[in-house]
Amino acid sequence: MEEIIKIMDDCKSHGIKVLSPDVNESAGHFTVNKNGDVRFSLGSIKGFGGNVVEAIMKEREENGLFTDVYDFVERMAGSVNRKSFENLVNAGALDSLGHKRSMYFQPGRGGEPFIDLLVRYGELFKEDSLSGGVSLFGDMEEMKPERPALPDFEGDADILDVLQKEKELVGMYLSSHPLDRYRFEIDNFCNCKLGDLGVFVADCENKKQTAKVYVAGIVTDFKQLTTKTGKPYSRTILEDYSGTYELTLFGKDHETFMSYMAPHATLFLEGVVEEKFFVKPEDRAQGKTSPFAFKLRKVTLLGNISDDILKGFCMDITTPMLTQQFRKDLVGVVKKHKGNIPLTLYLYDPVTHYRIQFYSKKFQVAVTSDFLQDLHQIGVEKYDVIRK
């Protein structure tokens with residue numbers, strides 16, 4: 001899976017989309033669709049048997065694509081059980097049928113989850129089909145299995161929970177990444193990736209030199225534990241785009257930082273790589289040394305870090321860009337992303353080569369990935385950040 005994640009990340013960095021598995025397009029192995037996108041395989045879904053994959057592909061080849069969720073349930077009844085159906089939903093393989101994943105777990109008629117109503121309907125539909133529609137009630141249409149009604153409300157699922165389930169089933173985030181909204185902070189304020197932190201510590205140890213470290217990630221697991229002597233400590237798994245890092249905290253560090261280590265929390269960590277233990281001068285003279293380790297010094301919620309680090313934001317525009325529409329668009333973007341960071345604008349004229357600096361007394365902004373994306377949409381490509 002680590003190798004697959006590297007390949008998928010390489011695809012994304014080259015502008016190749018990596019799509020979730022899909023009952024209407026995926027095969028038993030990875031494929032490329034007509035748009036040149038990589039489509040995850042149905043066989044990659046954990047706990048999903050090869051016989052189920054073959055059944056879906058065979059049905060699709062013989063009778064065409066699945067038109068909606070009812071069509072899928074009716075045609076795959078007997079081949080896809082309750083657990084397999086749930087795995088398909090959480091892996092995103094039914095997204096193309098037009099409903100949010102959260103909808104399947106909303107209460108339907110009688111208060112039961114819609115997914116349970118669908119599975120039961122599929123079983124009844126199969127029984128009716130096998131009997132040729134002939135039963136104790138004959139051809140009475142009103143007694144035939146009835147499609148369960150869709151829930152009145154599809155629901156707004158916790159996106160982090162949706163992505164976590166997706167990762168559990170296919171081994172990686174596909175729809176999006178929980179850290180995507182903090183891409184600006186990670187690219188501009190971190191000096192090490194979590195996946196490289198172990199190597200960074202080893203390099204510092206080899207060179208016998210300390211170093212400040214700034215990393216960011218999402219908490220995917222947290223455990224409070226107790227030593228053999230009864231003292232509390234914790235183990236936290238943090239993850240970013242590059243991989244994971246296990247952070248173990250003892251004593252005062254555990255007491256100080258454990259409140260931050262909640263699952264799904266997105267954190268910015270400041271620390272130092274240095275010797276793990278103090279070595280007395282006389283012991284050091286005898287050749288004794290201490291291994292190096294990452295020591296946590298400060299934790300900040302990743303969404304707040306820009307306000308702590310940034311002093312200002314500067315954007316570059318040119319005189320040919322100055323149209324009435326551009327002014328309207330720029331004001332709209334700035335108003336949309338109100339914040340606490342002072343805004344500066346540099347205006348460059350390619351004819352006279354003058355470059356004039358303007359300070360905004362009216363607007364301050366929140367510098368985020370969404371803000372930069374909106375600037376890109378209106379043609380602002382060059383910018384700079386001023387640190388405190």
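I'd like the orientation of helix 324-336 relative to the chain: the angle between its Cα long axis and the longest Cα principal axis, in ° from 0 to 90, rounded to 10. Its long axis makes an angle of about 90 degrees.
Rolling a 1.4 angstrom probe over region 169-311 with all protein chains present gives an accessible area of which 50% lies on carbon and sulfur atoms. Magnitude of the charge dipole for the chain, about its Cα centre and with charges confined to Cβ atoms of Lys, Arg (+1) and Asp, Glu (-1), is about 2200 debye.
Between Phe292 and Lys276, the built amide H atoms are under 5 Å apart, and every one of these is 5 or more places off in sequence or on another chain. Here the contact order of the chain, divided by its residue count and restricted to Cα pairs under 8 Å and six or more residues apart, works out to 10 percent. Sorted on the mean count of surrounding Cβ atoms within 10 Å across their residues, most packed first, peptides 7-15, 162-170 read 162-170, 7-15. Couplings 3J(HN,Hα) for region 274-290, derived from phi with the Karplus relation 6.51 cos²θ - 1.76 cosθ + 1.60 (θ = phi - 60°), are 7, 4, 5, 10, 6, 10, 4, x, 5, 6, 5, 4, 8, x, 6, 9, 10 Hz, where x marks Gly and Pro. Taking amide H positions as modeled 1.01 Å from N, with prolines and chain starts lacking one, the residues under 5 Å from Val213 and 5 or more places away or on another chain are Gly271, Val272, Val273.
Between the labelled values [x] 33, 26, 21; [y] 34, 29, 21; [z] 48, 33, 20, the entry that holds semi-axes √(5λ) of the Cα gyration tensor in Å as derived from this structure is [z].
Shown in residue order for region 190-195 are the 3J(HN,Hα) couplings computed by the Karplus curve 6.51 cos²θ - 1.76 cosθ + 1.60 at θ = phi - 60°: 9, 10, 7, 8, 4, x Hz (x for Gly and Pro).
Protein heavy-atom accessible surface, 1.4 Å probe, per residue over the chain: 57 Å². Highest GNM mean-square fluctuation among Phe114, Phe257, Phe277, for the chain modelled with Cα contacts below 10 Å: Phe277. Each Lys and Arg contributes +1 and each Asp and Glu -1, all at the Cβ; summed about the Cα centre of region 1-147, the dipole is approximately 440 debye. Taking every C-alpha pair closer than 8 Å and separated by at least 6 residues, the mean separation divided by the residue count of region 183-315 gives a relative contact order of 25 percent. Number of Lys-Lys pairs in region 207-294 with C-alpha atoms under 21 Å apart and a separation of 8 or more places or on different chains: 17. Phi angles across region 102-110 convert, under the Karplus curve 6.51 cos²θ - 1.76 cosθ + 1.60 with θ = phi - 60°, into 3J(HN,Hα) values of 5, 4, 5, 9, 7, x, x, 4, x Hz, Gly and Pro given as x. Quickly estimate the mean residue ellipticity at 222 nm for the chain, helices only: each DSSP H run with n ≥ 4 gives -39500 (n - 2.57), and the total goes over all residues, rounded to 500. Taking each H run of at least 4 residues, the total per residue is -10000 deg cm²/dmol.
The values are calculated or read from the model by the stated rules, or taken from the named source; none is laboratory data. What you see is a predicted model; the values in this text were computed from it and never measured. Don't worry about glycine lacking a Cβ; one is built from the backbone with ideal geometry, like all the others, and counts go over all protein chains shown. Surface areas here come from the heavy atoms of the whole protein model, side chains and all, with no ligands, DNA or RNA. Shrake-Rupley method; radii C 1.70, N 1.55, O 1.52, S 1.80 Å.
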